[in-house]
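Reviewing the structure listed below.
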Amino acid sequence: MPDRGGGPTGPRIRVGRPSRRVRTLLMTLGVLAVLGMVFTMFAGFWTDWLWYRSVHYSSVFTTTLWTKIGLFSVFGLLMASAVGFNIWLAHRLRPPLSAMSMEQQSLDRYRMGIAPYKKWLLLGITALVGLIAGASASSQWRTWLMWVNGVPFHEKDPQFHLDVSFYAFDLPWYRFLLGFGFAATILSLIAAALTHYLYGGLRVTSPGARATAAATGHLSVLLGVFVSLKAVAYWLDRYGLAVKSSDFKATDNWTGLRYVDANAYLPAKTILFCIAVICALLFFATLWRRTWQLPVIGFGLMVLSAILIGGLYPAIVQKFQVQPNEQAKEAPYVQKNLAATRKAYGIDNAQVSEYPGVSKTKDKTQLRDEVDKTASLRIIDPNVVSPTFQQLQQMRKYYAFPNNLDVDRYSKDGKDQDTVIGLRELNLAGVDKQNWINTHFRYTHGYGVVASKGTEATTGQSPGRPVFTESNLPSEGDLGKYEQRIYYGEKTTTYSIVGGPQKEIDYSDDDGEKTTSYQGDSGVNLANPFNRAAYAVAFGEPQILYSGAIGEGSRILYNRTPKERVESVAPWLTIDGDAYPAVVGDRILWIVDAYTTTNGYPYSSRTTLGDTTADSLTANNNSRAVVAQQNQVNYIRNSVKATVDAYSGEVKLYEWDTEDPVLKTWKKAFPGTVEPKSAISADLMAHLRYPQDLFKVQRELLTRYHVRDADTFLSGSEVWQVPDDPTNKSGDAVPPYYLSMKMPDQKQQAFSLTTTFTPNGRDNLSAFMAVDSEAGTGDYGKIRILKVPTSSTIDGPKQVQSQFNSNSQQNIAEFVRLIRGGDSEIEYGNLLTVPLDGGLLYAEPVYVRGGGLKYPLLRKVLVTYAGTTAFEDTLDAALDKVFGATGSTTEPPDEGTEEPPATSDNPTVREALADAQKAFDAGQEALKKGDWEAYGKAQKDLETALQRAEDAQAQAEKNSGGNKTGTDGTGGSGAGASPSKSPSGSPSPQSG
């Protein structure tokens with residue numbers, strides 16, 4: 001047995017070996033921990049670099065990174081040097097022998113305590129302030145790049161006659177430098193004072209002089225630097241008046257000089273500048289005079305002057321000169337604000353025309369055909385029919401449509417057609433088995449476009465459905481052949497790993513599930529173990545490191561929403577809240593509007609984008625983002641059109657506003673990232689449109705800035721407001737609507753974005769506004785405003801909606817009461833306004849979502865013109881009734897006259913459909929007689945019969961394992977068709 005206790009060498013040997021092992025183990029663990037932390041920090045940087053390289057925008061990453069590093073290094077070093085130098089200098093200037101007072105005796109302990117560590121303490125303090133200053137400076141990378149790359153606007157402000165670029169690009173950088181200078185001076189002053197006090201240069205309670213000559217000179221120089229910076233601040237404040245915001249005449253963020261600014265604040269700032277320069281010289285003079293008397297007097301004079309000249313005097317001018325005659329005093333400055341604001345927001349060329357608001361044509365039958373020439377009234381509301389698309393075209397639970405579809409136009413037979421369009425995107429919430437493989441490897445993409453005519457709905461036995469022009473799975477129809485897989489979309493918010501050993505679910509048809517493997521070059525290659533480890537750390541998902549589903553060819557796709565991708569590759573752009581899809585050639589592209597903005601346009605009033613772009617749609621739909629929440633700007637341009645390929649994720653930025661100096665500046669900062677406007681193909685140009693968020697910003701400004709003279713602006717007699725959405729009770733602004741129409745001065749219809757205005761605090765109509773959205777034409781972006789006489793009382797949207805709801809002659813109120821009295825719901829679609837022959841035509845689709853139906857169907861159309869209202873089953877019927885004549889347009893297709901196919905062989909289904917047919921016929925008879933009670937009973941019988949048929953069909957398919965789907969998702973063979981189609985248009989059960 002070994003000796004455990006008494007041998008002279010044994011215990012040392014046995015105790016020493018474990019001790020070395022423990023030390024080695026602890027050192028190893030320490031090294032591993034440090035490496036782990038370093039790799040964790042590095043993983044985020046490395047994955048970002050890989051992503052930017054994968055989208056071919058690595059220059060954006062490197063330019064931004066090096067700019068941040070440069071600013072961090074330079075300003076961090078400057079701050080550390082300034083503070084460190086002043087601490088060193090104060091220590092160097094310490095008195096040779098401390099007075100033996102009680103104060104100094106108590107400080108001796110601190111001096112002795114820090115003496116061995118004073119170098120490390122100095123390094124620590126300077127490093128800390130340097131790191132903080134560097135981090136703060138690195139966040140100013142946009143300000144630096146705009147200053148160093150700024151190009152002139154070739155426009156001068158009306159007060160100082162400087163180019164606008166001085167305020168937009170130069171002044172923000174000068175203010176940053178000034179703020180940095182103040183911070184460095186104050187920190188240096190504090191550090192120097194503490195050092196002098198610690199080493200006896202300053203005394204508080206000791207007898208004799210309170211400061212040594214050296215300390216006096218040192219601190220006075222720092223105070224002189226501080227006052228010098230204050231003088232610079234006063235001088236820059238003079239120019240800052242041109243971009244200063246204030247509340248004026250009930251206008252938030254009114255920007256620019258007013259009378260009191262030009263005649264009181266401006267001379268006051270000049271005087272204070274001169275006083276500050278003299279005061280700074282007095283502080284510097286203490287290097288020779290060694291007395292604080294004159295600098296203190298000068299500083300007191302500067303403070304007193306700031307109070308009297310900078311505060312009291314302007315208040316006196318405002319009270320006794322401006323207020324007694326405000327309109328005359330302020331008019332010249334308001335005129336400057338009007339001109340600058342209209343220019344900065346692109347509304348200076350808005351065409352305002354007087355419009356009677358009342359038709360002068362007595363025989364309204366002459367206007368029936370004119371309606372069809374004036375507008376393509378869209379009765380399929382993209383903000384209502386998403387559930388209908390979902391029910392009829394979802395096909396599988398793991399597909400979904402956005403809550404709000406989009407409006408575009410597509411050409412057929414040489415004629416443009418307003419089209420409601422949506423993509424069948426991936427919906428992971430609909431996957432039955434939720435696990436890591438299914439979520440990230442098997443279910444990776446959506447499939448296909450679904451589109452319908454915007455101006456038609458089905459009639460006949462299946463009324464009220466969209467007339468699909470592209471449907472089925474895979475999608476087929478008018479759009480031709482294109483890549484239908486959607487790997488990038490608005491609903492695609494999680495990462496997918498594709499292209500490796502694990503096959504992906506493509507889609508399902510009659511022959512079962514189809515699989516695929518991603519063939520694009522998007523994403524980052526995970527074949528490299530180092531990349532896998534980096535993503536495992538960055539995403540917090542260790543399975544990425546060791547999963548057998550990842551192998552040769554595997555690629556990880558992330559940052560997959562169009563908005564995310566454009567924001568990442570162009571962080572200097574502000575992105576519109578609504579990206580929309582379009583089939584361009586053989587690809588599905590997401591089109592994203594992007595803006596260049598600045599907050600430094602002189603005299604232009606500011607607006608908060610998050611507030612201005614909010615409406616009833618953004619309030620109720622989180623998927624439609626509000627642009628740039630709470631971001632204040634006073635200049636905006638839709639300078640870039642961006643596209644994101646739905647399959648490859650490729651991002652392209654196209655120059656749109658070729659004259660925008662802000663875009664030119666960013667192009668200099670990030671060369672090669674924006675392609676020229678000439679690179680936009682004709683196919684893509686056909687789908688570009690005027691962006692909604694810019695339009696909403698402009699219409700908000702035009703509520704006050706539609707006037708051109710200062711007197712009218714100051715009187716407030718023509719202030720408008722954007723009305724609340726009358727189709728719901730949210731209290732939010734009505735959204736603008738896209739439709740093809742022509743204004744009175746146009747010869748033919750143009751795709752347009754429209755809105756209405758009402759007087760401030762009232763509901764009657766003030767004006768109608770439309771902007772030409774036909775990209776590539778000479779009139780694109782032209783704003784036309786039809787202003788009705790202020791003395792007239794033309795009904796506004798809210799009044800029209802109220803009349804619709806209460807109209808007794810057309811039995812509208814009774815219809816609404818009966819529908820809501822059962823288990824159905826009324827949903828009002830977009831209330832469209834169209835100018836026609838001096839008057840205004842209103843049209844609104846009315847949808848019914850029945851208790852047995854999970855989606856809304858178009859049941860009625862409301863039309864009113866010149867006091868006549870119609871409430872009919874179709875748009876043409878309503879127009880015919882209002883104008884007392886029949887139009888020459890073709891009736892929409894009857895989608896419900898086909899015989900039900902063989903899927904109705906089930907006897908229970910046949911019996912239920914027979915009952916449904918009887919109920920439908922009874923309802924039609926009741927409608928003809930105006931017997932609403934009988935109609936309501938027939939509707940309930942109809943829904944009950946349809947539910948029986950649906951349940952029976954679902955049970956039959958479950959028993960047979962069938963997965964039959966048709967073009968509308970219900971087993972039929974045509975747009976809007978259904979295998980178990982009934983008069984009400986209820987679909988058969990969805991498979992999958």
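Observations on the model:
- Among the candidates S462, S517, the residue that is in contact with an Asp or Glu (Cβ under 7 Å, 6 or more places away or on another chain) and within 30 Å of F920 (Cβ to Cβ) is uniquely S462.
- Test: residue in the stretch 723-730 that is under 22 Å from G838 (Cα atoms), outside any helix (DSSP H, G or I) and more than 21 Å from the chain's Cα centre (by Cα): yes
- Wholly within the stretch 526-607, helices (runs of 4 or more DSSP H) carrying at least 2 residues that are within 23 Å of T40 (Cα to Cα) and at pLDDT below 95: 529-538, 543-546
The rows are residues; the columns are (1) under 28 Å from K362 (Cβ atoms); (2) crowded, with 20+ Cβ neighbours inside 10 Å.
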{"site": "F757", "(1), (2)": "no, yes"}
{"site": "F768", "(1), (2)": "yes, yes"}
{"site": "A775", "(1), (2)": "no, no"}
{"site": "N807", "(1), (2)": "yes, no"}
{"site": "L832", "(1), (2)": "yes, yes"}
{"site": "G839", "(1), (2)": "yes, yes"}
{"site": "E844", "(1), (2)": "yes, yes"}
{"site": "Y847", "(1), (2)": "no, yes"}
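- Qualifying residue in the stretch 203-220 (condition: buried (at least 16 other Cβ atoms within 10 Å of the Cβ) and within 19 Å of V303 (Cβ to Cβ)): yes
- Scanning the stretch 144-165 turns up no residue that is in contact with a strand residue (DSSP E or B) (Cβ under 8 Å, 6 or more places away or on another chain) and under 26 Å from L301 (Cβ atoms).
- Top-ranked residue in the stretch 152-208 [being assigned to a loop (DSSP other than H, G, I, E, B) and among the hydroxyl-bearing types (S, T, Y); ranked as modelled with the lowest pLDDT]: S206
- Among the candidates D772, D763, the residue that is charged (D, E, K, R) and over 25 Å from L875 (Cα atoms) is uniquely D763.
- Taken together, the residues in the stretch 835-874 that are of a type outside the set (S, T, N, Q) and part of a loop (DSSP other than H, G, I, E, B) amount to 12.
- For the stretch 675-703, a tally of residues being outside any helix (DSSP H, G or I) and either in contact (Cβ under 8 Å) with a residue 40 or more places away in the chain or out of contact with any strand residue (DSSP E or B) (no Cβ under 8 Å at 6 or more places or on another chain) (or both) returns 7.
- Condition met for K677 (in contact with a helix residue (DSSP H, G or I) (Cβ under 9 Å, 6 or more places away or on another chain) and surrounded by fewer than 21 Cβ atoms within 10 Å (Cβ to Cβ)): no
- Filter result for T365 (in contact with a strand residue (DSSP E or B) (Cβ under 7 Å, 6 or more places away or on another chain) and either on the phi > 0 side of the Ramachandran plot or in contact (Cβ under 8 Å) with a residue 24 or more places away in the chain (or both)): no
- Test for V334: is it of a type in the set (V, I, T) and within 40 Å of the chain's Cα centre (by Cα): yes
- Boolean, A328 is surrounded by 14 or more Cβ atoms within 10 Å (Cβ to Cβ) and aliphatic (A, V, I, L, M): no
- Those residues of the stretch 632-648 which are outside any strand (DSSP E or B) and either touching a Gly at 6+ places or on another chain (Cβ under 6 Å) or surrounded by fewer than 23 Cβ atoms within 10 Å (Cβ to Cβ) (or both), in sequence order: Y647, S648
- Among residues of the stretch 128-145 that are over 23 Å from T597 (Cα atoms), those with a Cβ under 6 angstrom from a residue that is β-branched (V, I, T) and assigned to a helix (DSSP H, G or I), sequence gap 6+ or separate chain, pair up as V129/V83.
- Scan of the stretch 348-367 for residues that are under 32 Å from the mean Cα position of the chain (by Cα) and either crowded, with 19+ Cβ neighbours inside 10 Å or of a type in the set (K, R) (or both), ordered by number: A350
- T712 being without any contact (Cβ under 8 Å) to a residue 60 or more places away in the chain and either part of a helix (DSSP H, G or I) or closer than 29 Å to I380 by Cβ (or both): yes
- Which listed residue, of R485, R442, is surrounded by fewer than 24 Cβ atoms within 10 Å (Cβ to Cβ), more than 30 Å from the chain's Cα centre (by Cα) and not acidic (D, E): R442
- Qualifying positions in the stretch 228-267 - of a type in the set (D, E, K, R) and outside any strand (DSSP E or B): K230, D237, R238, K244, K249, R258, D261
Quick grid of which residues meet (1) farther than 25 Å from E827 by Cα; (2) buried (at least 18 other Cβ atoms within 10 Å of the Cβ); (3) touching a helix residue (DSSP H, G or I) at 6+ places or on another chain (Cβ under 8 Å); (4) at pLDDT 95 or above:
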| site | (1), (2), (3), (4) |
| --- | --- |
| P723 | no, yes, yes, no |
| P726 | no, yes, yes, no |
| G731 | no, no, no, no |
| K747 | yes, no, no, no |
| G761 | yes, no, no, no |
| D772 | yes, yes, no, yes |
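- Enumeration of residues in the stretch 724-749 that are touching an Asp or Glu at 6+ places or on another chain (Cβ under 7 Å) and within 23 Å of T703 (Cβ to Cβ): D724, D725, G731, D732, A733, V734, P735, L739
- Subset tally (residues that are surrounded by 14 or more Cβ atoms within 10 Å (Cβ to Cβ), touching a residue at least 60 places away in the same chain (Cβ under 8 Å) and closer than 25 Å to T643 by Cα) for the stretch 514-568: 16
- Any hit, the stretch 792-810, residues being within 22 Å of T341 (Cβ to Cβ) and touching a residue at least 12 places away in the same chain (Cβ under 8 Å): no
- Checking Y507 against (1) at pLDDT 90 or above; (2) touching a strand residue (DSSP E or B) at 6+ places or on another chain (Cβ under 9 Å); (3) in the same structural domain as G553 (by TED's automatic domain parsing), the condition it does not meet: (1)
- Yes/no for K156 being more than 35 Å from the chain's Cα centre (by Cα), within 27 Å of C274 (Cα to Cα) and among the charged types (D, E, K, R): no
The values are calculated or read from the model by the stated rules, or taken from the named source; none is laboratory data. Treat the numbers as computed from the prediction; the structure is a model and nothing was measured. Because the Cβ atoms are built from the backbone with ideal geometry, glycine has one as well, and the counts that use them run over all protein chains shown.
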